Amino acid sequence: MNTKPVIFVITAMLSAVQCMGQSNVVYYGANSNALDVVFSDTNLSQKTQSAIIADLRVCLQAWRQETKLMLDDDEGSEVIGYLDIPRTRSHYPEDIDFPKHIISNGTSGVALQIPKELSDAYKKAFVLAAANAKAVTAANAFVEFVSSTNFLTLPPKNLSDYLLDINRTTKEVIADAQEIISDLRQQTYYPPSVLGFYYSKEGPASKNLWMLVPCSHGEEPLSWDPFTAIWHKGKWKFCIWQEKEE
């Protein structure tokens with residue numbers, strides 16, 4: 001697999017995220033504690049490892065305040081603890097689990113273990129991202145805009161550039177713009193994981209690119225859920241593609 005376009009795409013996605021320290025480290029907790037990362041698949045290139053770790057940092061950047069390292073004294077097990085994190089489904093699809101197992105690591109004591117199943121899923125996701133580099137690169141700009149005060153003052157006539165709703169006509173979107181924008185801003189949005197991009201027949205085309213936009217809402221502890229967006233006519237749009245029940 002050619003990793004150069006993959007690394008380019010991931011780098012573009014992370015332009016607003018601070019990258020700290022050495023490559024095989026992630027950060028967790030309110031104090032940005034460093035945690036080494038080890039891969040079960042020892043055949044992964046360093047470029048692929050770095051791309052995976054960059055994506056893990058995207059997720060942990062959002063969850064950091066609520067993430068804790070939990071260790072136990074079961075010396076007979078390879079797994080000596082776990083990373084306690086909030087709902088990971090905000091960033092990851094339902095069939096993929098965020099890594100949580102902590103194992104002994106001779107170089108620094110403990111490390112977060114990345115199972116081969118996860119690194120394989122990432123490699124597939126990088127291929128999809130490279131094939132849709134323009135859309136994936138635009139994802140952060142979309143999240144940044146809908147999180148900004150500029151979105152609150154968006155002219156009603158322009159809302160259809162950011163929303164695709166099967167239950168509303170363009171005229172209805174314009175008429176309901178103030179209410180829709182207010183509802184959308186009840187959440188706090190975060191940059192997506194590369195694993196949050198996927199193809200689906202659901203949508204206006206025979207093959208649609210979708211994205212899980214991570215978001216949190218409520219007071220501490222936060223509730224976490226994804227909001228779906230679709231790449232439509234060269235733009236990311238929040239998308240509601242399920243018809244209302246009568």
Quiz item: So which of Leu212, Leu154 is modelled with pLDDT of 95 or more, closer than 20 Å to Lys134 by Cα and among the hydrophobic types (A, V, I, L, M, F, W, C)?
Solution: Leu212
Quiz item: Considering only segment 191-225, how many residues are part of a loop (DSSP other than H, G, I, E, B), crowded, with 23+ Cβ neighbours inside 10 Å and of a type outside the set (Gly, Ala, Ser)?
Solution: 2
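Each row is one residue, and each column tells you yes or no for (1) over 15 Å from Cys239 (Cα atoms); (2) in contact with a helix residue (DSSP H, G or I) (Cβ under 6 Å, 6 or more places away or on another chain).
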| site | (1), (2) |
| --- | --- |
| Arg168 | no, no |
| Ala177 | no, yes |
| Ser182 | yes, no |
| Leu195 | yes, yes |
| Pro204 | no, no |
| Leu212 | no, yes |
Quiz item: Just a yes or no: is a residue in segment 46-58 modelled with pLDDT of 95 or more and part of a strand (DSSP E or B)?
Solution: no
Practice problem: Considering every residue within segment 114-123, establish whether at least one is aliphatic (A, V, I, L, M), modelled with pLDDT of 95 or more and under 30 Å from Tyr162 (Cβ atoms). | Solution: yes
Quiz item: Out of the residues in segment 16-45 that are outside any strand (DSSP E or B) and closer than 18 Å to Ile85 by Cα, which is modelled with the lowest pLDDT?
Solution: Ala30
Quiz item: Among all residue pairs at least 6 apart or on different chains, which show Cβ distances below 8 Å where the first residue, located in segment 175-204, is touching a residue at least 40 places away in the same chain (Cβ under 8 Å) and the second is exposed (fewer than 14 other Cβ atoms within 10 Å of the Cβ)?
Solution: Gln187/His217; Thr188/His217; Pro191/Ala16; Tyr199/Lys207
Exercise. Output the residues belonging to segment 227-242 that are part of a strand (DSSP E or B), of a type in the set (Lys, Arg) and over 25 Å from Arg87 (Cβ atoms).
Key: Lys235
Exercise. Using the structure shown, decide if Leu222 is touching a Ser or Thr at 6+ places or on another chain (Cβ under 8 Å), of a type in the set (A, V, I, L, M, F, W, C) and within 22 Å of Leu118 (Cβ to Cβ).
Key: no
Quiz item: Within segment 62-87, restricting attention to residues that are surrounded by fewer than 19 Cβ atoms within 10 Å (Cβ to Cβ) and touching a residue at least 60 places away in the same chain (Cβ under 8 Å), which residue is nearest to Tyr27 (Cα to Cα)?
Solution: Glu66
Quiz item: Which ones in segment 25-61 are crowded, with 20+ Cβ neighbours inside 10 Å and among the polar types (S, T, N, Q)?
Solution: Thr48
Quiz item: Looking at (1) surrounded by 15 or more Cβ atoms within 10 Å (Cβ to Cβ); (2) out of contact with any Cys (no Cβ under 6 Å at 6 or more places or on another chain), which is the only condition Thr228 fails?
Solution: (2)
Quiz item: Which residues, counting only those in segment 92-123, are under 30 Å from Lys233 (Cα atoms) and either surrounded by fewer than 13 Cβ atoms within 10 Å (Cβ to Cβ) or in the same structural domain as Leu212 (by TED's automatic domain parsing) (or both)?
Solution: Glu94, Asp95
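The values are calculated or read from the model by the stated rules, or taken from the named source; none is laboratory data. What you are looking at is a predicted structure, and each value in this text was computed from that prediction instead of being measured. For neighbour counting, all protein chains shown are included, and Cβ atoms are generated from backbone atoms with ideal geometry for every residue, glycine included.
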